[in-house]
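All remarks here apply to the structure that follows.
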Amino acid sequence: MEMDAAYRRPPTVEWVGDIQGHMEILDQRVLPGRVEVLRLNTVEEVWDAIKTLAVRGAPAIGVAAAYGMVIGARKVGPSSQSAMVIEVLQECGAYLKSSRPTAVNLEWAVDQMERVAISERGVGARQLVRRLLEEARAIHADDLEKCLAIGKHGARFIEEGFGVLTHCNAGSLATSDHGTALSLMYEAQRLGRKFQVFADETRPLLQGARLTAWELSTAGVDTTLICDNMAGLLMKQGKIQLVIVGADRIAANGDTANKIGTYSVATLAKAHGIPVVVAAPTNTFDLSLTHGGLIPIEERAPEEVTGFGGVRTAPAGMKVYNPSFDVTPAGLITAIVTERGVISPVEEQGIRRNVEG
């Protein structure tokens, strides 16, 4: 990703050192006003960072959870048996999964770490922790490769002169780097195409305004920030020719859970004849769920809606409903781009071919 020469930001997630090292994350709660790095040394700190959105985005919290499992595993003494490490890992895994229920990448990463531990049963505790760190780093590197491949497969959807609407943040801040939805934009930019991105603000936590607009502008992408309720008007005015979003969990039939408001954007796009493209790695699919109605939807604190930045914007005692995600039916989605290619039309048979290889 090309950045302004003066712009250098810390990695979204990073492991520093060997097995006695620590995880560092870019604290996304304070962006774009401040750039701060958090140092995480305990499983409880990792859980809190995920829960409070210090680290966010389905792929990024999967990577963070993988490193969190390493932190949990090393609590066992070096002279212990691997069975003790596995037992502790399972406890840590269940705890980390409880932080955010919708994004399946977190669950996938935790399960992968547990599978590796079980497969290595019989080695010493210290050797097993070292093997777990290798696996977490492999998950991290694999996510970056997937993001780059998604961009290469999907950039063709962005044509010269297009206006592209994106919702929430599915960029480098939500992944190891480059992102999912935004990876298409970075690749189109690398190919020399001229296009304009409209980033809607994404209430209630303004990930579009605080994160996507900041990330794209610092990468030199022509970006305009809009309020969430402006999308329909811009579509009617002919300013938007494409919608690209990420995903937190995709059911076997293509129904897609993403940040709350995605369903509204997709419905508007359908009414205006505008294609909707979802960009996600294959580990965001949950083929055990036949349709999107089975996807667990996280509900978050009412304070996220009744105020912002410590300032109350609603009457005291007001009832609040605050689901963090909604589900866009497969029928509203033109294509899903994964690291293995493009799924279109969006239907179960094509999804299984792509995801299962």
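Yes/no matrix, rows are residues, columns are (1) of a type outside the set (Val, Ile, Thr); (2) surrounded by fewer than 19 Cβ atoms within 10 Å (Cβ to Cβ); (3) in the same structural domain as Thr262 (by TED's automatic domain parsing):
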{"site": "Gly161", "(1), (2), (3)": "yes, yes, yes"}
{"site": "Ser183", "(1), (2), (3)": "yes, no, yes"}
{"site": "Ala199", "(1), (2), (3)": "yes, no, yes"}
{"site": "Gln207", "(1), (2), (3)": "yes, no, yes"}
{"site": "Trp214", "(1), (2), (3)": "yes, no, yes"}
{"site": "Val221", "(1), (2), (3)": "no, no, yes"}
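Within the range 240-256, residues that are touching a residue at least 12 places away in the same chain (Cβ under 8 Å) and assigned by TED's automatic domain parsing to the domain that holds Thr224 sit with their Cβ atoms under 9 Å from residues that are among the aromatic types (Phe, Trp, Tyr) and assigned to a strand (DSSP E or B), at 6+ positions apart or across chains, in these pairs: Ile240/Phe198; Ala247/Phe285; Asp248/Phe325; Arg249/Phe285; Arg249/Phe325; Ile250/Phe285; Ala251/Phe285; Ala252/Phe285.
Tell me, yes or no, whether the range 90-100 has at least one residue that is touching a Gly at 6+ places or on another chain (Cβ under 6 Å), at pLDDT 95 or above, closer than 20 Å to Ile297 by Cβ and not acidic (Asp, Glu).
Initially, the range 90-100 is screened for residues touching a Gly at 6+ places or on another chain (Cβ under 6 Å), giving 92, 96.
With the extra rule that they be at pLDDT 95 or above, the set shrinks to 92, 96.
Imposing the further condition that a residue be closer than 20 Å to Ile297 by Cβ reduces the set to 96.
Among the residues that remain, those that are also not acidic (Asp, Glu) are: 96.
Scanning the range 90-100, I find at least one residue that is touching a Gly at 6+ places or on another chain (Cβ under 6 Å), at pLDDT 95 or above, closer than 20 Å to Ile297 by Cβ and not acidic (Asp, Glu), so the answer is yes.
Val278 meets all of the listed conditions (1) modelled with pLDDT of 95 or more; (2) under 24 Å from Asp111 (Cα atoms) but one, namely (2).
The rows are residues; the columns are (1) of a type outside the set (Ser, Thr, Tyr); (2) at pLDDT below 95; (3) touching a strand residue (DSSP E or B) at 6+ places or on another chain (Cβ under 8 Å); (4) over 19 Å from Arg137 (Cα atoms).
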residue: Ala5; (1), (2), (3), (4): yes, yes, no, yes
residue: Arg8; (1), (2), (3), (4): yes, yes, no, yes
residue: Val13; (1), (2), (3), (4): yes, no, yes, no
residue: Ile25; (1), (2), (3), (4): yes, no, yes, no
residue: Arg29; (1), (2), (3), (4): yes, no, no, yes
residue: Glu36; (1), (2), (3), (4): yes, no, yes, yes
residue: Val43; (1), (2), (3), (4): yes, no, no, no
residue: Val46; (1), (2), (3), (4): yes, no, yes, no
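Confirm whether Val30 is in contact with a Pro (Cβ under 9 Å, 6 or more places away or on another chain) and farther than 26 Å from Thr282 by Cβ. Outline the logic, then answer.
Numbers: in contact with a Pro (Cβ under 9 Å, 6 or more places away or on another chain): no; farther than 26 Å from Thr282 by Cβ: yes.
The answer is no for Val30.
Listed by position, the helices (runs of 4 or more DSSP H) enclosed by the range 107-220 that each have at least 3 residues that are farther than 26 Å from Gly33 by Cβ and free of Cβ contacts under 8 Å to residues at least 40 places away in the same chain are 125-154. Taking first residues from the range 283-311 that are of a type outside the set (Val, Ile, Thr) and partners that are part of a helix (DSSP H, G or I) and surrounded by fewer than 17 Cβ atoms within 10 Å (Cβ to Cβ), the Cβ contacts under 7 Å between residues at least 6 apart in sequence or on separate chains come to Leu287/Arg352.
The values are calculated or read from the model by the stated rules, or taken from the named source; none is laboratory data. Worth saying up front: this structure is predicted, and the values here are computed from it rather than measured. Note that each Cβ is placed from the backbone with ideal geometry, even for glycine, and that neighbours are counted across all protein chains shown.
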